[in-house]
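The values are calculated or read from the model by the stated rules, or taken from the named source; none is laboratory data. Computed from a predicted structure; not experimentally measured. Every residue, glycine among them, receives a Cβ derived from its backbone with ideal geometry; neighbour counts consider all protein chains shown. Note: accessible area is taken over every heavy atom of the protein model, side chains too, but ligands, DNA and RNA are not part of it. Shrake-Rupley method; radii C 1.70, N 1.55, O 1.52, S 1.80 Å.
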Amino acid sequence: MKWIKWILELVIGVGLLVWAVKLVLTTEPTRVASKKRDTSPPVVVVKPVEQMTFEETLICLGTVAARESVEITAQVTEKIIALHFDHGQQVKKDDLLVELQSEQEKTAVTIATLAIEENEREERRLDELVKADAVPRKELEDRRTRLAMARAEKAKAEADCADRRIVAPFSGIVGLRMVSLGDLVIPGTKITTLDDLEQVYVDYPVPEKYTGKLKEGMPFKALNNAYPEVEFPGVIRMVDPRVNVQTRSAQVRGIIDNKELRLRPGMLMTVRLNMGTDERPSVPEEALTSLGEKHFVFVYQPEQKKVARTEVTIGRRAKGRAEILSGVTAPALVVTEGVSKIADGMSVKVSP
């Protein structure tokens, strides 16, 4: 029995030895190959920092206002006897909108006219008599005073009649009619609104640092959500000479042609102003890596064949490139492919 036990132990020992040898033979090539891969530098693609032309576009939010806008109100206390407009109607300057009762004022005009005619006749008669020394000059002067008073009475009566004829002060579109036929109005009663919309203003604030670049006649483009596919061209009409001390911005007024009457007062506009172009260093956007709010690029150093992680400050972006405000300058080489495989100070191989 002892020899059987001894044979079993020998077989088990030989089996364990064979397994250990196989294990070493199979893992050693893999470990050596892995060691070789770890020591080979990663392959990257580099591109130079290049100068690029960037357009500086200023975006502001503005509000549409009518070029001319007024509330049509009554000037006297009287009853409406005729309405000559309706909601949203286009009217011309001096078109009659509302008539108020004016019989007494018309009568006063007639009486004043008759008084003028009578006093003019008397003035001519007395003038002849004065020349003939038939009457004293004082009677002629009194008659001329009466004539002047009659003319003043007529002018007042005509003004009273005019106050009872409400006309459009300029051409435009009337708003909602706020009164009805037969209403009694008093001074200040709102009848309607009138807006000239063939051209409209767009008022928008601009940060004070840009005010030196703004000039009258400078073009801009405006967008509105009601017409997302339409760009409304306009020009700057004026720049407010004062800067708001709370917002540190100046109010700018632009003007836009609105012949089709698509823009209405109160609409919100997105205004785009081209502030010019300048040449700035730039890198491809894929060269950038971020850590929080900081941005970095890997700069390739040809002499050492290594990369150095460099913090950069970026500005505008356009056409797949980012403006570099600080950190690197042309003609430095930055890694654009293989960024995820490298670290600061690592040796790399540049792909041809």
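I'd like the FRET efficiency for THR247 and HIS84, computed as 1/(1 + (r/R0)^6) with the beta carbon distance as r and R0 of 56 Å, rounded to 0.05. Kindly include the intermediate steps, with their values, before the conclusion.
Values: r = 45 Å, r/R0 = 0.81.
Computed FRET efficiency for THR247 and HIS84 comes out at 0.80.
Along the stretch 204-210 the Karplus relation, 6.51 cos²θ - 1.76 cosθ + 1.60 evaluated at θ = phi - 60°, assigns HN-Hα couplings of 8, x, 10, x, 4, 5, 9 Hz to successive residues, with x for each Gly and Pro.
So between PHE170 and GLU337, what do we pick up on full extension, going 0.36 nm a residue minus the alpha carbon distance? It would help to have the intermediate numbers written out before the result.
Numbers: separation 167, 0.36 × 167 = 60.12 nm, distance 6.64 nm.
Answer, rounded to one decimal: 53.5 nm.
Solvent exposure of the stretch 49-121, expressed per residue, is 58 Å² of accessible area, with all protein chains present and a 1.4 angstrom probe.
Carbon and sulfur together cover what percent of the accessible area of the stretch 206-352 at a 1.4 Å probe radius? Let's see the in-between values first.
Values: 4420 of 9000 Å².
That fraction is 49 percent.
Report the calculated FRET efficiency for MET275 and LYS305 (r = Cβ-Cβ distance, R0 = 56 Å), to the nearest 0.05. The computed FRET efficiency comes out at 0.85. Pairs of Lys residues in the stretch 223-352 that lie 8 or more places apart, or on two chains, and have C-alpha atoms under 19 angstrom apart add up to 5.
Which of the three applies to the chain, rounded, prolate or oblate, going by the alpha-carbon gyration tensor with a ≥ b ≥ c and a/c under 1.5 meaning rounded?
On the way: a/c = 7.05, a/b = 3.60, b/c = 1.96.
Verdict is prolate for the chain.
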